[in-house]
Amino acid sequence: MASSSSATPARILAAAEALFADNGYANITLRQITAHAGVNLAAVNYHFFDKETLYRELLTQRLRQINHQRAVLLEAAEARAPDGLAPLDEIMDALARPAFLPEGAFTPASARLLGRVLLEQATLTEGLLQQEFQPMMTRIGQALRRHQPGLPPADFLWRFSFIVGALHHSLATLPNMHALTQGICRDNDANAALGSFTKFAIAAMR
């Protein structure tokens, strides 16, 4: 059983994540977070100092969790390949599966939050994203580049940028797909989203 000293910050992070994911950073106050978490303001100040520090700690943890899952999937795909060249569909799966079908502490709320953060690209998170997000994207980009060695660098980077952007947009809109598609797609249908995204991404890179 987790001690109260570790349970309290975890509860605060979970509450903040749910609120930030659905409303954005600017629209949420510390008092709303404390009410949602069932703690007092002093607890947030003690563990995280202020809202910005709390937000950055939350994003750091979630980015590291999803990047770890991506690395595990990509390394396994490369290990299975005789020449170390992971199949294109498995690279795309490593990119997208941890986002659409999260495991452990990285939850659907985590995916929605990252989708929002990566689309908004706020100054507040710019350095953090560069530090925590970019290395894994570079690693995946290198794996993809082996499938298109003759493609001009600018063309390859544009395609990869479109793929990553589509993933982030999909995460941000996943909870509202029923309304956005006039009932054709279901809200939060992560399996359908993963399958459709993977097909799209493979076609974009060929």
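The values are calculated or read from the model by the stated rules, or taken from the named source; none is laboratory data. No experiment lies behind these values; they were computed from the predicted model shown. As a convention, Cβ positions derive from the backbone with ideal geometry for all residues, glycine included, and neighbour counts pool all protein chains shown.
Take the conditions crowded, with 17+ Cβ neighbours inside 10 Å and either in contact (Cβ under 8 Å) with a residue 60 or more places away in the chain or under 23 Å from residue 206 (Cβ atoms) (or both) and apply them to residue 81. Does it pass? No, not satisfied.
Scanning segment 120-136 for residues that are in a helix (DSSP H, G or I) and surrounded by 14 or more Cβ atoms within 10 Å (Cβ to Cβ) returns 120, 124, 125, 128, 129, 132, 136. Residue 95 meets the conditions (1) modelled with pLDDT of 85 or more; (2) out of contact with any Asp or Glu (no Cβ under 6 Å at 6 or more places or on another chain); (3) surrounded by fewer than 19 Cβ atoms within 10 Å (Cβ to Cβ) in every case but one. The failed one is (3).
A single entry from 112, 186, 139, 159 fulfils the requirement of being part of a loop (DSSP other than H, G, I, E, B), of a type in the set (D, E, K, R) and touching a helix residue (DSSP H, G or I) at 6+ places or on another chain (Cβ under 8 Å): 186. A count restricted to segment 28-59 and to residues that are over 17 Å from residue 18 (Cβ atoms) and surrounded by fewer than 14 Cβ atoms within 10 Å (Cβ to Cβ) stands at 8. Can residue 167 be described as in a helix (DSSP H, G or I) and either out of contact with any His (no Cβ under 8 Å at 6 or more places or on another chain) or of a type in the set (A, V, I, L, M) (or both)? So residue 167 fits the description; yes. For residue 143, the conditions (1) touching an Asp or Glu at 6+ places or on another chain (Cβ under 8 Å); (2) modelled with pLDDT under 90 are fulfilled apart from (2).
Using beta carbons and a limit of 8 Å, which pairs, at least six apart or on different chains, have the first residue in segment 93-109 and under 22 Å from residue 199 (Cβ atoms) and the second one at pLDDT 90 or above and assigned to a loop (DSSP other than H, G, I, E, B)? Matching pairs, first to second residue: 94/86.
Of the residues examined, residue 80 is not one that is of a type in the set (D, E, K, R) and under 15 Å from the mean Cα position of the chain (by Cα). The residue that is nearest to residue 119 (Cα to Cα), counting only those in segment 129-165 that are free of Cβ contacts under 8 Å to residues at least 60 places away in the same chain and basic (Lys, Arg), is 159.
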